[in-house]
1. Which one is surrounded by the fewest Cβ atoms within 10 Å (Cβ to Cβ), of the residues in the range 249-280 that are over 16 Å from LEU230 (Cα atoms) and either under 40 Å from the mean Cα position of the chain (by Cα) or among the polar types (S, T, N, Q) (or both)?
2. One residue is enough: does the range 276-298 have a residue meeting the conditions of a type outside the set (Ser, Thr, Tyr), more than 16 Å from ligand 1 (Cβ to nearest atom), in a helix (DSSP H, G or I) and closer than 22 Å to PRO212 by Cα?
3. Quick one: PRO196 ticks every box in (1) touching a strand residue (DSSP E or B) at 6+ places or on another chain (Cβ under 8 Å); (2) at pLDDT 85 or above except a single one, so which number is it?
4. Exactly one of (1) within 16 Å of ligand 2 (Cβ to nearest atom); (2) under 29 Å from the mean Cα position of the chain (by Cα) is unmet by ASP310. Its number?
5. When you scan the range 318-327, do you find a residue that is away from ligand 1 (no atom under 15 Å from the Cβ), outside any loop (DSSP other than H, G, I, E, B) and of a type in the set (Asp, Glu), even just one?
6. Out of the range 223-233, which residues are surrounded by 15 or more Cβ atoms within 10 Å (Cβ to Cβ) and not in a loop (DSSP other than H, G, I, E, B)?
7. Could you check, for the range 179-198, whether at least one of its residues is touching a helix residue (DSSP H, G or I) at 6+ places or on another chain (Cβ under 9 Å), closer than 19 Å to ALA29 by Cβ and outside the structural domain of ARG290 (by TED's automatic domain parsing)?
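The values are calculated or read from the model by the stated rules, or taken from the named source; none is laboratory data. Fair warning: this is a prediction, and the values are worked out from it, not measured in the lab. Note: ideal-geometry Cβ built from the backbone for every residue, glycine included; neighbour counts use all protein chains shown.
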Amino acid sequence: MRRLHGPSWRARADEGPGRLREHALTTTAALTSVAAAVLHRARPPAHSPARRGSATRLGEATRRNSAPQRRGATRRGSATRPAWTIGRGSTARPAWTIGRGSTARLGSGSRLRSVAGRGWALPGGLRGTPGGVALAGGAVWGLLTVRFAVQRIRPGRTAGEIAKMAVTSAVIPPAAVRHRIRGVVLHGRARPWAGPRVVLFDRDDTLIRDVPYNGDPALVEPMPGARRALDRLRRHGVRIGVVSNQSGVAKGRITAGDVRRVNARVEELLGRIDVWEFCPHDGGDGCGCRKPAPGMIERAARRLGALPSDIAVIGDIGRDVEAAAAAGARGILVPTARTLPAEIAVAVETAPTLRAAVDLVLGGRRRR
Ligand SMILES: [Mg+2]
Ligand SMILES: [Zn+2]
């Protein structure tokens, strides 16, 4: 959303404020808890008598609760082990127990706060230590996760659905925070999308009147409204290109140099064109550039650093808009007297004039 609509995407999508703050708090609590627990384990155990005392108390509680941890403690079985066990215990066990306990009893916000209050009342010796922080962080995480789950689980859910909601409630906050950070890092400077950045025009009978196999710059005559249409796009910061089939080169009727001279005259009359592409091949040559193949549009896109989704192609016959579709770009047909009715019938978008086609491009809406 940010890549497409820029920083104000919420307003543009008419989207509410979301839960990011809560998710960030939940994730911060979990990370703080884990970090503090790691720190707690890394510390040499029990420098202060007070901490050892409470540690032992908690360690005993943990051992009562958890058989695997009891085995671990026994196996290692040294005098310093209880402190290590507390590290484990305070990381996950007590916090989890508090979280679980409040699941059943949670009814209202005030209830939640009273439970939270109890969670914050740490054993005296643990207060201010990494173990205490781990315990507190774990408690906050547990409470916020439970609250989130309770908010999501509506009455009438089956047990399976509730279990799924409980698990996803723990997964969603860190996932949401990670997603947002990634979005801001990758697309922090994205500008709001404002329609195609590039418009590629067919040349003959779209920008200039078609003089078959014309190699003479003096015969170039702009189509009505062409200059104004291009200038309007330029004012909107849209880049302009021309993609033109010139099979006269393959047929030997004109040279590539003739095409370039005619193109230079087009620029004299219609203003700067950012990118020119023409196909010198004939229908039977099997090239990838002759419209309706997408080659010229793809090349122009690469040269301008644009994606197909940034591009609109405006032309007077079916091939022009078919090439656009083949490239993944938007195609707008501006028919002339020589455009076949069948081509008009199947076109996704048509406009009666160049001016109307530019309206479509700048308005960003799709209309037949
Ligand atoms: Mg044409
Ligand atoms: Zn070609």
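1. Selected residue: THR255.
2. Yes, the range 276-298 has at least one match.
3. Every listed condition holds for PRO196 apart from (2).
4. (1)
5. Of the range 318-327, the ones away from ligand 1 (no atom under 15 Å from the Cβ) are 325-327.
Filter again for outside any loop (DSSP other than H, G, I, E, B), leaving 325-327.
When the remaining residues are screened for being of a type in the set (Asp, Glu), the result is none.
No, because not a single residue in the range 318-327 is away from ligand 1 (no atom under 15 Å from the Cβ), outside any loop (DSSP other than H, G, I, E, B) and of a type in the set (Asp, Glu).
6. Within the range 223-233, the first condition is being surrounded by 15 or more Cβ atoms within 10 Å (Cβ to Cβ), and the residues that meet it are 223, 225-227, 229-230, 232-233.
Within the range 223-233, ALA226, ARG227, ALA229, LEU230, ARG232, LEU233 meet the criteria.
7. yes
Okay, residues lined up against (1) touching a helix residue (DSSP H, G or I) at 6+ places or on another chain (Cβ under 8 Å); (2) among the polar types (S, T, N, Q); (3) surrounded by fewer than 18 Cβ atoms within 10 Å (Cβ to Cβ):
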position	(1), (2), (3)
ILE311	yes, no, no
ASP320	no, no, no
ALA327	yes, no, no
ARG330	yes, no, no
ALA345	no, no, yes
THR353	no, yes, yes
